[in-house]
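Working notes, beginning with the structure itself.
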Amino acid sequence: MLASGSAGRLAVLRAAGIDPEVVISGVDETRDVPRQTAALVQVLAERKAAAVASVRQDALVLGCDSMLDLDQVALGKPGTAADAIGMWRRLSGREATLLTGHCLIEPRAGRRTRAVGRTVVRFGTPTDAELAAYVATGEPMNLAGAFSIDGRAAPFIEGIDGDPGNVIGLSLPLLRRMLAGIGVAITDLWRAR
């Protein structure tokens, strides 16, 4: 079960042969959160997974949360178009780290595992006109750090160091290791042919 409404996370899982049920946690992402980016994404991922696991005791629940860390400041989803442009101006020509907290809970067995995926993103230098056009699409308003590597911002990303799925919102290699840690093979979750 995926405790997230993220289309990117769902697409990553489906491309890997996993068709989870999606249940949006409804967790307040602003209440009592740590300041450090890694701790923040981990706490939010765990809150999301725990909220869904509390009502679905029969499921294996995965919660995730992503933020972009620039100069030890967490950049989430921009609140306004001006915020999105401001983020991009700060990111232009620089590197930042996308962190995704993962929490996997199996309520019946009382098992819980957590981890944070990290991927370095190298940003290009889009022109003011390109930024304005990109922000006008509305795409960055729903994305941590106002970008993704699988959408319209892709031409403005020079490269990444690490797992591309993590940037989209879910690290499959990390998920495989987490599942193995609680005795579940990722291949057991593949859809039947």
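All but one of (1) out of contact with any His (no Cβ under 9 Å at 6 or more places or on another chain); (2) in a helix (DSSP H, G or I) hold for Gln42; state the number of the condition that does not hold.
(1)
So in the range 30-49, with the set limited to residues that are out of contact with any Pro (no Cβ under 9 Å at 6 or more places or on another chain) and in contact (Cβ under 8 Å) with a residue 40 or more places away in the chain, which one is nearest to Trp190 (Cα to Cα)?
In this case the residue turns out to be Ala49.
Tell me the residue from Asp69, Asp58 that is part of a loop (DSSP other than H, G, I, E, B) and free of Cβ contacts under 8 Å to residues at least 60 places away in the same chain, please.
Asp58
Going by what's in this entry, would Arg112 be described as assigned to a strand (DSSP E or B) and either in contact (Cβ under 8 Å) with a residue 24 or more places away in the chain or surrounded by 14 or more Cβ atoms within 10 Å (Cβ to Cβ) (or both)?
yes
Within the set of pairs 6+ apart or on separate chains, which have a first residue in the range 166-193 that is farther than 20 Å from Gly117 by Cα, a second that is outside any helix (DSSP H, G or I), and C-beta atoms under 6 Å apart?
Listed by first residue and then by second, the contacts come to Leu189/Ile18; Trp190/Gly17; Arg191/Gly17; Arg191/Asp19.
Only one of these conditions is not met by Asp83: (1) part of a strand (DSSP E or B); (2) surrounded by fewer than 20 Cβ atoms within 10 Å (Cβ to Cβ). Which number is it?
(1)
Name every residue in the range 135-193 that is in a loop (DSSP other than H, G, I, E, B), out of contact with any helix residue (DSSP H, G or I) (no Cβ under 6 Å at 6 or more places or on another chain) and on the phi > 0 side of the Ramachandran plot, in order of residue number.
The answer is Gly138, Gly162, Gly183.
Inspect all residues belonging to the range 104-116 and state whether any of them is more than 20 Å from Arg177 (Cα to Cα) and of a type in the set (Asp, Glu).
So far as the range 104-116 goes, no, none of its residues is more than 20 Å from Arg177 (Cα to Cα) and of a type in the set (Asp, Glu).
Laboratory data are not the source of any read-out in this text; all were calculated from the coordinates shown. Keep in mind the model is a prediction, meaning the values are calculated, not measured. Methodologically, a virtual Cβ is constructed for each residue, glycine included, from the backbone with ideal geometry; neighbour enumeration extends over all protein chains shown.
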